[in-house]
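Colleague: Could you have a look at this structure, given as structure tokens, before my questions?
The values are calculated or read from the model by the stated rules, or taken from the named source; none is laboratory data. In this text the structure is predicted, and so the values were computed from the model without any measurement. FYI the Cβ positions are ideal-geometry reconstructions off the backbone, even for glycines, and counts take in every protein chain you see. These accessible areas exclude ligands, DNA and RNA; they are computed on the full protein's heavy atoms, side chains included. Shrake-Rupley method; radii C 1.70, N 1.55, O 1.52, S 1.80 Å.
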2 protein chains.
Amino acid sequence: LAGYGRVGLALHRLILSQRARIPLRVVGIQTLRHGSAFDQRGLPLDPEFGPLVAPIGEFLDRARPEVLVEATTLQPATGEPALEHLLAAFERGRHVVTANLGPVAHAYAVVAHTAQRSGVQFRIGLPLFQAARLPLPGAKVAGFRAVLSPASSLMLDALRAGRTLADGMEAARTLGLAEGDASYYADGWDAALQAAALANVLFDARITPLQVNRRGIAQLTPEKLDDLRTRHKTVALVARGRLTTAGVSLRVRAEVLDVHDPLASTRGASSVLLLDTDLAGTVGSVVDSAAEQTAYALFRELVDIAG
Amino acid sequence: LAGYGRVGLALHRLILSQRARIPLRVVGIQTLRHGSAFDQRGLPLDPEFGPLVAPIGEFLDRARPEVLVEATTLQPATGEPALEHLLAAFERGRHVVTANLGPVAHAYAVVAHTAQRSGVQFRIGLPLFQAARLPLPGAKVAGFRAVLSPASSLMLDALRAGRTLADGMEAARTLGLAEGDASYYADGWDAALQAAALANVLFDARITPLQVNRRGIAQLTPEKLDDLRTRHKTVALVARGRLTTAGVSLRVRAEVLDVHDPLASTRGASSVLLLDTDLAGTVGSVVDSAAEQTAYALFRELVDIAG
């Protein structure tokens, strides 16, 4: 388990609570802040950490896990150190389940190819990406529309309530849905990173967040939202991806929506994904993306790999 | 293929269009109106029908399919003749995929048990029921909230537009989403049937539509909806099911919702299902339920059985 923040901790708690029926155990935990812990019989929730065992390859050689769970803090600009973690695991023949989207947004094609060549599995343990992986035999996904950034949605909620973007950021921080600089969310970078990751997975787009046509929500005010409200309209930060003959088009925009639009129904920690398909029509998912649900998404992938 | 209305025809078209990659074929079609048609090499879209071969057992003995697709017209009060069709197929060791919810709403426990005892598969080929079947290892579904009846939703759309329930019914008929008497939809029977089916599948509730605590939308008027709209509220016909220590509670009501509620986002032929789970939070699905998407849901199950 690389990373032991809210998600890592929630996953460990879940594993321990389910172990009577599903015998998974955490044999190593690596965290920059506390150091490293190891126990082949399974670590407790609050283990004694020794000094940090780095680089990650050394940690893996000592922990000898079947699967590396990557749940470190996202470094949006590069996808590191998660990318290095993944490649080190693949090199050692370990499966990987990631809650960190960095490597998916920045280098999905390389990661997926390396995992395949190494004969191991690479899974994304995030509720929205599980929803995107519906088995649709014979059908093609032509595009997606999605509200991907809970922190940005909470900022819009704050504006709608007559408060500020900073208030929304504070709420997101409290829920563990945001960290670092508010502009990362207000300027649409969070949504762009997730949109790039989705396009890479759905369309093999080989795109990075920097290539997403992106605008944020910083120009919005409570007054503008109030005016829209009287016209039964609302605003959401919408990511749209589409596979065209010219390639993948991808953009993030604060869009004015009818209040009854499925994309207008996100609140708090939920995300919405609408897949436009040829045979199944529009297939939509609404998922909760707080730490507990992300932990469960990781857990599902672990169970599936163990399967 | 029992039943050759919009769904049956759309499924046959889909099978033919995909046969280069997925070698399914329709070896028999049974329809009350046109009679029966057989060809072991696969029937064309517009076959020559001979006299009706009945009862269904005789049809199955002559068609010798691996799977019976049940897509006859629903008889809401009893689930027949679909129920008889299913049991006849199981008796002959045939798998069944159904688009007809009658047997699921009226006798799911018996049907599932009989299929299992016969060593065959029983699948529900409807988009909403596929969404309800998310693999959630270790997790429990505690309840559901859903908007299940597209025809009722279209009636509410009509009222919102200042027209009548009858206008909405007409729109639903045109889209192939309703037939027979408008009161079946306006009084909430359609939603109750689907709610009972969902509760039977999710909770083994052994409930029938008659036992659903049900009220419809007949008392609503354009004026009432307009008044709600000025208060940023809306109405949907919502089914709620919950597993309690005292058993399964199930009700269908026209509920006043905040316009941003995910249940308020249905329009036209779409349905919404929110599953409340212990570990995965709320997992929601928005699906299109017109004939083409139902045909594709049947197709997915056929591909899965062929596996």
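Colleague: What is the spread of the Cα atoms of segment A:84-183 along each of their three principal axes, largest first, in whole Å?
Modeller: 53, 35, 18
Colleague: Between segment B:83-115 and segment A:251-307, what's the alpha-carbon centroid distance in Å?
Modeller: 33
Colleague: Suppose you put the label 7 Å out from Cα in the Cβ direction; list, shortest first and in nm with one decimal, how far B:GLY35 is from each other copy's label.
Modeller: The answer, with the shortest distance listed first, is 8.6 nm.
Colleague: Calculate, for A:ALA246 and B:THR245, the FRET efficiency according to 1/(1 + (r/R0)^6) with r their C-beta to C-beta distance and R0 56 Å; round to the nearest 0.05.
Modeller: 0.45
Colleague: At 1.4 Å probe size, with no ligands or nucleic acids counted, give the accessible surface of A:THR230 in Å², nearest ten.
Modeller: For A:THR230, solvent-accessible area is about 90 Å².
Colleague: Right, another one. Segment B:220-247 to segment B:142-215: how many Å between their Cα centroids?
Modeller: Cα centroid of segment B:220-247 versus Cα centroid of segment B:142-215: 13 Å apart.
Colleague: Treating cross-link reach as a plain straight distance, find the lysines whose alpha-carbon is under 21 Å from the alpha-carbon of A:LYS224, omitting any fewer than eight places away in the same chain.
Modeller: Result set, ordered by chain and number: A:LYS233, B:LYS233.
Colleague: Follow-up question, since we're still on this one. Am I reading the A/B interface right? What is its buried accessible area, both sides, 1.4 Å probe, to the nearest 100 Å²? It would help to have the intermediate numbers written out before the result.
Modeller: On the way: alone 14460 and 14470 Å², together 25980 Å².
Chain pair A/B: roughly 3000 Å² of buried accessible area.
Colleague: Rounded to two decimals, what is the ratio between the C-alpha radius of gyration of chain A and 2.2 N^0.38 Å? Display every interim value, and only then the final one.
Modeller: Numbers: Rg = 19.7 Å, N = 307, 2.2 N^0.38 = 19.4 Å.
Taking N as the residue count of chain A, the ratio is 1.02.
Colleague: Once you average over the residues of B:228-237, how many Cβ atoms of partner chains fall within 10 Å of each Cβ?
Modeller: Working: counts 0, 2, 2, 0, 5, 0, 3, 0, 1, 0.
If you average over the peptide's residues, the count of other-chain Cβ atoms is 1.
Colleague: Could you grab the relative contact order for chain B? Cα pairs under 8 Å, six or more apart, rounded to a whole percent.
Modeller: Working: 625 pairs, mean separation 59.8, N = 307.
Dividing the mean separation by the residue count of chain B yields 19 percent.
Colleague: Give me the accessible area per residue for chain A, probe 1.4 Å, as a whole number in Å².
Modeller: 42
Colleague: Right, something else. Give the residue from B:THR73, A:SER249, B:VAL26 lying farthest towards the positive end of the charge dipole for the protein assembly as shown; charges sit on Cβ (+1 for Lys and Arg, -1 for Asp and Glu) and the dipole is referred to the Cα centre.
Modeller: Working it through, the farthest residue towards the positive pole turns out to be B:VAL26.
Colleague: Follow-up question, since we're still on this one. Return the calculated 222 nm mean residue ellipticity for chain B, to the nearest 500 deg cm²/dmol, obtained by summing -39500 (n - 2.57) across DSSP H runs with n ≥ 4 and dividing by the residue count.
Modeller: Working: 11 runs with 116 residues, N = 307.
Calculated mean residue ellipticity at 222 nm is -11500 deg cm²/dmol.
Colleague: Which whole-number value in Å³ per residue fits the convex hull of the alpha carbons of segment A:240-279? Provide the component values of the computation, followed by the final result.
Modeller: Details: hull volume 4.4 nm³, N = 40.
Spread over its residues, the Cα hull of segment A:240-279 gives 110 Å³ apiece.
Colleague: Turning to a different aspect of this structure: What ranking, highest mean first, results for peptides A:263-275, A:188-200 when packing means the other Cβ atoms within 10 Å averaged over each residue? Spell out each step's value before the answer.
Modeller: Numbers: A:263-275: 22.8, A:188-200: 27.2.
Highest-to-lowest ranking by the protection proxy: A:188-200, A:263-275.
Colleague: Could you tell me whether segment B:191-242 comes out rounded, prolate or oblate from its Cα gyration tensor? Rule is a ≥ b ≥ c as square roots of the eigenvalues, rounded for a/c under 1.5, then prolate if a/b exceeds b/c, otherwise oblate.
Modeller: Numbers: a/c = 4.83, a/b = 2.54, b/c = 1.90.
It comes out prolate by the Cα gyration axes.
Colleague: DSSP beta bridges in the protein assembly as shown, what fraction antiparallel, as a percent rounded to 5? Intermediate results must be reported in sequence, preceding the final value.
Modeller: Values: 73 of 95 bridges.
Counting DSSP beta bridges with both partners in the protein assembly as shown, the antiparallel share is about 75 percent.
Colleague: How about segment A:91-169: which chymotrypsin sites (Phe, Trp or Tyr not before Pro) there are in a DSSP loop, with at most 10 other Cβ atoms within 10 Å of their Cβ? Write down the numbers at each step before the final one.
Modeller: Values: sites: A:TYR108, A:PHE122, A:PHE129, A:PHE144; in loops: none.
Sparse-neighbourhood loop chymotrypsin sites (Phe, Trp or Tyr not before Pro): none present.
Colleague: Given a 1.4 Å probe and every protein chain left where it sits, what share in percent of the accessible area of the protein assembly as shown is carbon and sulfur? Each step should come with its number before you reach the end.
Modeller: Numbers: 13090 of 25980 Å².
Result for the protein assembly as shown: 50 percent of the exposed heavy-atom area is carbon or sulfur.
Colleague: Taking a quarter of the surface of the Cα convex hull of segment A:1-79, what do you get in nm²? Write down the numbers at each step before the final one.
Modeller: Values: hull surface 21.4 nm².
The number I arrive at for segment A:1-79 is 5.4 nm².
Colleague: Please state the charge dipole magnitude for segment B:175-274, taken about the Cα centre, from unit charges on C-beta atoms (+1 on K and R, -1 on D and E), reported in debye and rounded to the nearest 20. Intermediate results must be reported in sequence, preceding the final value.
Modeller: Details: 12 positive and 11 negative charges, 68 e Å.
Roughly 320 debye for segment B:175-274.
Colleague: When only the heavy atoms of the protein chains count and the probe is 1.4 Å, how do A:VAL303, B:VAL235, A:VAL256 rank by accessible area, highest first?
Modeller: Sorted descending by solvent-accessible area, the residues read A:VAL256, A:VAL303, B:VAL235.
Colleague: Taking the Cα centre of segment A:1-151 as origin and charging only Cβ (+1 Lys, Arg; -1 Asp, Glu), how large is the dipole, in debye to the nearest 20? Present the calculation step by step, with values, prior to reporting the outcome.
Modeller: Numbers: 16 positive and 10 negative charges, 125 e Å.
In total the dipole reaches around 600 debye.
Colleague: Shifting gears a bit: Out of the DSSP beta bridges found with both residues in chain B, what percent are antiparallel (nearest 5)? Show your work: numbers first, answer last.
Modeller: Details: 34 of 45 bridges.
Just about 75 percent of them are antiparallel.
Colleague: Could you tell me which of B:ALA139, B:LEU126, B:GLY162 has its Cα farthest along the dipole of segment B:70-191 towards the positive end, charges placed at Cβ (Lys, Arg +1; Asp, Glu -1), taken about the Cα centre?
Modeller: So the residue furthest toward the plus end is B:ALA139.
Colleague: Show the residues, 5+ positions off or on another chain, whose built amide H is closer than 5 Å to the amide H of A:VAL26.
Modeller: Residues meeting the criterion, in which the H sits 1.01 Å from N, are A:LEU43.
Colleague: Right, here's the next one. For A:ALA112 and B:ARG41, FRET efficiency with R0 = 35 Å and r from the beta-carbon atoms, rounded to 0.05?
Modeller: Values: r = 41 Å, r/R0 = 1.18.
With R0 = 35 Å, the Cβ-Cβ based efficiency is 0.25.
Colleague: Kirkwood hydrodynamic radius for the protein assembly as shown: how many Å is it when counted over pairs of different Cα atoms? Don't skip to the answer; put the middle values down first.
Modeller: On the way: mean 1/r = 0.0386 Å⁻¹.
Hydrodynamic radius (Kirkwood, Cα pairs) of the protein assembly as shown is 25.9 Å.
Colleague: To the nearest 10 square angstrom, how much accessible area does A:LYS140 have with a 1.4 angstrom probe?
Modeller: 130
Colleague: Evaluate E = 1/(1 + (r/R0)^6) for B:ALA77 and A:ILE305, where r is the Cβ-Cβ distance and R0 equals 41 Å; express this FRET efficiency to the nearest 0.05. Working shown, then result.
Modeller: Details: r = 47 Å, r/R0 = 1.16.
Computed FRET efficiency for B:ALA77 and A:ILE305: 0.30.
Colleague: Of the peptides B:172-183, A:47-58, how do they stack up when ordered by the mean number of other Cβ atoms within 10 Å, highest first?
Modeller: Values: B:172-183: 16.8, A:47-58: 14.6.
Order by mean packing, descending: B:172-183, A:47-58.
Colleague: Here's a follow-up. Apply the Kirkwood formula to segment B:1-141: the hydrodynamic radius equals the inverse of the mean of 1/r over all pairs of different alpha-carbon atoms; give it in Å with one decimal. Please list the in-between numbers first.
Modeller: Details: mean 1/r = 0.0638 Å⁻¹.
Kirkwood hydrodynamic radius for segment B:1-141: 15.7 Å.
Colleague: Next question, about the same structure. Given the options A:THR221, A:ALA199, A:SER265, identify the residue whose Cα lies farthest towards the positive end of the charge dipole of segment A:198-274 (+1 on Cβ of Lys, Arg; -1 on Cβ of Asp, Glu).
Modeller: Positive-most Cα among the choices belongs to A:ALA199.
Colleague: How big is the charge dipole of chain B about its Cα centre, in debye rounded to the nearest 20, if each Lys and Arg gets +1 on its Cβ and each Asp and Glu gets -1 on its Cβ?
Modeller: Numbers: 32 positive and 30 negative charges, 103 e Å.
The calculated dipole for chain B is roughly 500 debye.
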